[in-house]
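Below is one structure; the comments refer to it alone.
The values are calculated or read from the model by the stated rules, or taken from the named source; none is laboratory data. The model shown is predicted, which means the values in this text are computed figures rather than measured ones. Glycine also receives a Cβ, built like all others from the backbone with ideal geometry; neighbour counts cover every protein chain displayed. These area figures cover heavy atoms from the full protein model, side chains too; ligands, DNA and RNA do not enter into them. Shrake-Rupley method; radii C 1.70, N 1.55, O 1.52, S 1.80 Å.
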There are 2 protein chains.
Amino acid sequence: MLPSTSAAIFSLLLTTTTLLSLSSSSSLSDDDDSLTYIWPLPANSTSGADTLTVDPDLSISNSGNSPIISAAFLRYKCIIFSHATTVPPGFRSLRTPVFDISVVQIVVRSSDEELQFGVDESYVLRISGRDNHSIVGFAAIEANTVYGALRALETFSQLCTFHYESKTVKVMKAPWYIQDEPRFAYRGLLIDTSRHYLPTDVIKHIIDSMSYAKLNVLHWHIVDEESFPLETPSYPNLWKGSYSRWERYTVEDAYEIVKGVGYPDLWPSSSCKEPLDVSKNFTFDVVSGILTDMGKIFPFELFHLGGDEVNTEKQPNYGVRDGLSKNRKTGYMSALRFGFDGDGSDGVDTLDSPRWLLIDHNMTHNDAYQYFVLRAQEIAISNNRTPVNWEETFRSFPSKLNPRTVVHNWLVSGICPKAVAKGFRCIFSNQGVWYLDHLDVPWQPVYEADPLEGITNVTQQKMILGGEVCMWGETADTSDIQQTIWPRAAAAAERLWSTREATTVENINKTALPRLHYFRCLLNMRGVQAAPLTNFYARRPPTGPGSCYEQ
Amino acid sequence: MLPSTSAAIFSLLLTTTTLLSLSSSSSLSDDDDSLTYIWPLPANSTSGADTLTVDPDLSISNSGNSPIISAAFLRYKCIIFSHATTVPPGFRSLRTPVFDISVVQIVVRSSDEELQFGVDESYVLRISGRDNHSIVGFAAIEANTVYGALRALETFSQLCTFHYESKTVKVMKAPWYIQDEPRFAYRGLLIDTSRHYLPTDVIKHIIDSMSYAKLNVLHWHIVDEESFPLETPSYPNLWKGSYSRWERYTVEDAYEIVKGVGYPDLWPSSSCKEPLDVSKNFTFDVVSGILTDMGKIFPFELFHLGGDEVNTEKQPNYGVRDGLSKNRKTGYMSALRFGFDGDGSDGVDTLDSPRWLLIDHNMTHNDAYQYFVLRAQEIAISNNRTPVNWEETFRSFPSKLNPRTVVHNWLVSGICPKAVAKGFRCIFSNQGVWYLDHLDVPWQPVYEADPLEGITNVTQQKMILGGEVCMWGETADTSDIQQTIWPRAAAAAERLWSTREATTVENINKTALPRLHYFRCLLNMRGVQAAPLTNFYARRPPTGPGSCYEQ
């Protein structure tokens, strides 16, 4: 039934939409066998023409008895066999009695399960074909680490599809041989809990969805000017800067996210980029205290120290003990944030910002800015962390940065080529293509962007750690963050995982688009609110009725 | 860090928004003790000034040992104690060693756990104050049925708030005495899986969220012209009318939704309203077959037979065996759908629809329409169902409708008063206020609408079963359905549950709005994508950074 007042409009829309979609992409409904419906695309794969059934009582032979593998297998079993099995009274069961695949053999070569940057994620997945000599098929996974095995399980789950006629999960196009490994070690998503608080369950749901696309770095931008939701026991007043007393993270909450209860295949890094008063040593006690506290929660090598554009509009009047809420509400502590405008030139002198604080200490804004960043780097390194800094630090005083610094590009094109030429490692997040809060960027430019653009020297190419799509939170809260992230983040995920060769095609609308449509629906089926692909703007609702495989 | 190109816009927005919200609703951040933060508002409640702590090892004394109660308690325990408890190495635990409330005593008077329309949902919830004579507080629930106890557990969970300083769950304003019962027995939400397929996990998530607002009827509009996703074993070709072979529900899926694994506090009803060819008895074999199949899946009294506006634009060329997909794709079977325009007058004669089919059988469109509806009613009643029909059937041939018919209002105002005056029961869904797909209707008119409007006679008032908000699916799919439903559905939920007296206030922006803000954030905390309340249009993202309690 259509709402009467808008019936005409709606029925018009839906007729047009339906006809359009039916004509445009019936190919997908008919399932184009020339395409491999795995996202992101594996490095190498071959397939056949057999169809195998998968046993609902599927089990694993887990050579290392790794609890990480066991937990992951149970997660994927729930995903693969998501359809109900209880037959209502009065109906007969249609389920197949015998199945081809009843066991997934998993062999992991290394017993080292430490999760750190650059861990080996490669794997080989084999699925047998129909063998006349035996009725039993098999699925076998080989990996160097448990994390490679987790990637393999994700791929296996994507090969399993539920067939409604037989009510059986099947693997089409067997036998399969898939050899796979990531193109880049750093495949990140930034979330921003300062502009909008995200409940821990929402963050866990986001981490879940990341693993479906084989993204492996959660860059948790926890605090910023707008709010400071994280507990820092060394300075218990800081989280009074949260939006409300209900929008906070305890250290236990943060620790749980990191431990990734049930999500060991992801390792959050943290962000800690409050502008502080260099005129007080107390400032660096705070930085040190925060880093020490964070160090207990986030046991990871890379540590993001920020150092990006700054808002100097507010009255300086610094005091940590007052809580950073003062910052959000009155502009405290903002005298030492530095602004750079779009073209990358230092915009500080053009900003109307009070100077007394700096004059007191006979420092220019740039002096203070550089002093702060370098002191913070020293502290991070003394904490055995590798400092990551936004590109402004590199553009402002490249020769002063610690050589271990990882430069994080965001603002201007061509930063990574410059950074690696000077011997720094670099992460690509060019905001023109990989800022998910830019709603007017459709999936194609996200997909076609490349972290290696402009870098031909192989040694320098190796210094590109990878890339990160950034979900800045100005207009993204619990209600809309997932459909702003997805499906566009999946386009970047394939760019970061799959080989350039396998994904460089003449017409991505013929090859990548049907596969991305399929992956968007896979996300929907797994409860992730991925938005329609056909929207002109990101996260817009569908314009009319239709299939998720066509919208 | 702000995206450079849109930095100016964003920072401007965010400054304004933040200031606005801070000034406008700091009251909420300070927690107005004069308000009871329970949604929907209980019929009667008194509270005190004590604060009690709740034991993380909370248990129940479940007099009837009902598995329904036990399962529900475990769900609510997870909700109440959602914060992580594992203290990271190097931090000390702040948790309170002793707690005031360690047991919830639950007494259910009736052992009858059958869930049917009109089941007793009343309950009494008592929470002790601080007693000098004993250090042990208590929470006690009394209800006539397990379903009343489930409502009480939801209310109890809303009284439990996590306090970050002590990292303890507390009940404020104890002692509490709450006596509660619903104003209407029928408190519904319609979802539409014909315009967009919704995965079963998404439907379960919606059912979860309904229970938080004490909504108790899921009106599952499973099939319509656009697609037929449901398996009907008697006519296995029907679900070939699904959008794709992956967007379907098996009878097992539907049965699981109905059994409501883990959600016994909701009872879906079903919808089955395809226009069929009255010229063939076979048609009614199909109707009968479908009703019989559905009967095995949906063991509920009310059965929605539709009978609403019809699209007669398409070429008639009927054949069930071809599958209803033909209907979506070519317009088959649409000759016998009838259109009524907004003012309720019969618009058939003005429609350009071929007549041969009807002329063959010497029937007018109206004859055929009436014949179909009445035959369907007979079949439903012979299946011991109570037919529910959209208002057009009542407006067209009221004297012919079975007296047991429940009239479902949607189109014009004042239908329910007319229906009850003629002795029919009625459900209120006036599309001007309770159609959630009308995105330009803010929460206030949703809240102020009333099913009893225009009905003064007490006997006639009793014939209003309640109301239903309708989430028609033209532009609602997995990516956006929850933020289109919420928070507005919550406004209708309080109207349907709470007494008119308790919720009739001079300024709902001072009383209802802060409570609804609180409930919206509660939904967010529970992982439901409820949209900001301050949007001019429904489901829009927040316009800038801020607290969910203020947006």
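Structural remarks
- Calculated label separations, residue A:382, copies of the chain, 7 Å along the beta-carbon direction, nm: 8.9
- Put simply, the amide H of residue B:228, placed in the peptide plane, has neighbours under 5 Å in B:241, B:242, B:243, leaving out anything fewer than 5 places away on its chain.
- Anisotropy class of segment A:374-507 from Cα gyration tensor, a/c 1.5 cut: oblate
- Gyration tensor verdict on segment A:442-533 (Cα atoms; rounded if a/c is under 1.5, prolate if a/b is larger than b/c, oblate otherwise): oblate
- Test item: A:512-522 mean partner chain Cβ contacts at 10 Å: 1
- Inter-copy label distances for residue B:461: 7.8 nm (label point placed 7 Å from Cα along Cα→Cβ; shortest first).
- Loss of accessible area when A meets B, both sides summed, Å² nearest 100, probe 1.4 Å: 8600
- With θ taken as phi - 60° and the Karplus curve 6.51 cos²θ - 1.76 cosθ + 1.60 applied, the whole-hertz 3J(HN,Hα) list for segment B:183-194 is 6, 10, 7, 10, 10, x, 10, 9, 10, 10, 9, 8 Hz, x standing for glycine and proline.
- For residue A:112, the accessible area of its heavy atoms, probed at 1.4 Å with every protein chain present, is near 90 square angstrom.
- Residue of chain B with the Cβ closest to the rotation axis carrying B onto A, and that distance rounded to whole Å: B:529, 3.
- List of segment B:77-109 residues, accessible area with partners at least 40 Å² below that of the chain alone (1.4 Å probe): B:84, B:86, B:88, B:89, B:91
- Per-atom-type breakdown for segment B:405-495 gives carbon and sulfur 54% of the accessible area (1.4 Å probe, protein chains only).
- Accessible area expressed per residue, segment A:400-476, with surrounding protein chains retained (probe 1.4 Å, Å²): 34
- The H on the amide N of residue A:530, modeled in the peptide plane, is under 5 Å from the matching H of A:524, each at least 5 residues off or on a different chain.
- Annotation for segment A:423-488: GluC sites (Glu not before Pro) lying in DSSP loop with at most 16 further Cβ atoms inside 10 Å of their Cβ are A:453.
- Cα gyration tensor shape for segment B:363-419, rounded if a/c is under 1.5, else prolate or oblate: oblate
- J(HN,Hα) series, segment B:111-126, from Karplus relation 6.51 cos²θ - 1.76 cosθ + 1.60, nearest Hz, glycine and proline x: 8, 6, 9, 5, 9, 9, 4, x, 4, 5, 10, 6, 7, 10, 10, 10
- For the cross-link pairs A:204/B:259; A:259/B:170; B:418/B:462; B:173/B:214; A:418/A:462; A:204/A:240, the ones whose C-alpha atoms lie over 21 Å apart are A:204/B:259; A:259/B:170; B:173/B:214; A:204/A:240.
- Vicinal HN-Hα couplings computed from phi for segment B:379-391 (Karplus, 6.51 cos²θ - 1.76 cosθ + 1.60; Hz; Gly/Pro x): 4, 4, 5, 5, 8, 6, 10, 8, x, 10, 10, 4, 4
- Between copies, the label points of residue A:404, set 7 Å from Cα on the Cα→Cβ line, lie 7.8 nm apart, reported in increasing order to one decimal in nanometres.
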